[in-house]
Every structure is written in structure tokens, then in C-alpha cells.
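Please read the structure below before turning to the comments.
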Amino acid sequence: MRPKKKIQTFETLATGGAAVGAEVDVLAFGAHPDDVEIAMGGTLSSLKAQGAKVVVCHLTDGEPTPFGSHSIRLKEAAKAARTLGFDDYLILPLRNRELQDTLPARRKVAEVIRKYKPATIFAPYWVDAHPDHWNACQLVEAARFWAKLVKTDMKGDPWYPSKLYYHLCSHLRPNVQPSFVVDTTGFHEKKMAAIRCYESQFIKKRSSKALEHIEVINRFFGTMIGTQTGEPFFSKENIGVKDLRVLF
Ligand SMILES: [Zn+2]
């Protein structure tokens, strides 16, 4: 049993949001191993450097793929987690290509939220060509609500993450307007190293332009905020700022 620790997150300091009793700062969900690293590896690396507690949950093992297997993806996910210094990571036994907000899946994800008690959670952006991605978005939104339920036989205590943001790892080339962009300068290289841990997806597939695409996207969003690299995020709710200096 981990000791119960009250933490005050950077995000909470900025917005005055309620994260009292939170055990981890961030719990980031992705449909497949590598989605979270692609979308927000630089941000998570930066958060770790600031002392944040970070947990990543891959909803499926991402298989089958041409060069992967279940055991290969487990090893690659572990290597990527070590590279970015996650405090914990897990791969849920939900099925790749069939991901949906079913009641059993919602229960599993809600139990993960109840276990880690995150201040903030991240889900995939809701516009995507890959059904697993937009289904993951719906699943995490529903599980966030379920996680707070009382009078249930779900494992763990009720918990409601005070903030839900969305990361971008899209199979479309969506015309997006992020709610905010995080400066990942100084952390981008570590992110790319973590992505390269997924050799079955990015190294063996020699024709893939995915790594180049990620570089361009992160440099584009960095340019948009006047930094070397950046990662875009989205919010369906208004974002409050208590101390305007966080925007200086
Ligand atoms: Zn994916």
C-alpha cells in the first residue's frame, strides 16, 4: 500500500483546482502503447523533471501489427516507460481494434482511476480516423464519471480527477486549435528516444515517415509559441488561471 500523500500539483497551483488527496499528478491514457509517448512524451518528461508523479495507462497492447507481438510490445512499453521515468505504467487487457466504451471496459478504466487517484487525467483527442482512438476518448470520459460512484462493487475508493485534458496522436491530419501548447524544449530528444523504443513500430517499418512527422508537428507547435518544440493539448471545459503570472 502506498502512503497517502497530499500533493499540490503545478496545474493546481495555476488554477486553484481541487486536487486534495490526489496521489499522482498525472494519469495519461492512450489506446495503444506509443500513443501517449507520441502525443505528450516531452510534456511528461518535463513534468518528471519538476518532480511530478506520472502514471501512463495503455488501454490495449496494440497488437496485431506487422512486426509486433504481445511480448514485444510489453518489452517496448517497459523500455519507453523507463526512458521517460514514469512512476508506473500499465497495459490493460482490452482488445486492440475493438476498443469501445462497454460497461466492463468502463469499469476497468474507472478502477485504474480509483487506484491511482490522479489530479489530472489525459485522454486522446476526440477527432481521429482510428476508431480505437476516439473510442478511447469516450471510454476515459465515461470512466472518469464512473470512478466517483459510491455504492458500487468497483475496486477502490471513489475518486474524480479534477481536470481532463486531451492529447493529440491522431491518424488524421486534423485542422486543430489547441487550448494550450506546452513548451517541450530540452525534453523533446528524450521523447523521441522513448518513441524509438517501439522498434517494431518505428524502426523495422523502414518506409514509415512517422518519426519525421512527429518532429515536424512538435517543431510547428513550438514555433506557434516561440519555442523550439511544443505539444498541443485540448480542453472541453474553460481553463481558469488564478495567478496570471503563469502566462507571462
Ligand atoms: Zn494508437
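With respect to residue 221, is the statement that it is of a type in the set (Phe, Trp, Tyr), open to solvent by less than 90 Å² (accessible area, probe 1.4 Å) and not in a helix (DSSP H, G or I) true?
Numbers: of a type in the set (Phe, Trp, Tyr): yes; open to solvent by less than 90 Å² (accessible area, probe 1.4 Å): yes; not in a helix (DSSP H, G or I): no.
No.
One residue alone among 185, 152, 102 is in contact with a Ser or Thr (Cβ under 6 Å, 6 or more places away or on another chain) and surrounded by fewer than 19 Cβ atoms within 10 Å (Cβ to Cβ), and that residue is 185.
Check segment 127-134 and report whether any residue there is at negative phi, within 13 Å of the ligand (Cβ to nearest atom), among the aromatic types (Phe, Trp, Tyr) and part of a helix (DSSP H, G or I).
Yes: segment 127-134 contains one or more residues that are at negative phi, within 13 Å of the ligand (Cβ to nearest atom), among the aromatic types (Phe, Trp, Tyr) and part of a helix (DSSP H, G or I).
Of all residues in segment 147-161, one or more are more than 21 Å from residue 195 (Cα to Cα), in a loop (DSSP other than H, G, I, E, B) and touching a strand residue (DSSP E or B) at 6+ places or on another chain (Cβ under 6 Å).
For residue 208, are the conditions met, namely being over 21 Å from residue 122 (Cα atoms), surrounded by fewer than 13 Cβ atoms within 10 Å (Cβ to Cβ) and touching a Phe, Trp or Tyr at 6+ places or on another chain (Cβ under 9 Å)?
Details: over 21 Å from residue 122 (Cα atoms): yes; surrounded by fewer than 13 Cβ atoms within 10 Å (Cβ to Cβ): yes; touching a Phe, Trp or Tyr at 6+ places or on another chain (Cβ under 9 Å): yes.
Yes; evaluated as a whole, the condition is true for this residue.
The values are calculated or read from the model by the stated rules, or taken from the named source; none is laboratory data. These numbers were taken from a predicted model, which means no experiment stands behind them. FYI the Cβ positions are ideal-geometry reconstructions off the backbone, even for glycines, and counts take in every protein chain you see. The accessibility values were calculated without ligands, DNA or RNA, using every heavy atom of the protein model including side chains. Shrake-Rupley method; radii C 1.70, N 1.55, O 1.52, S 1.80 Å.
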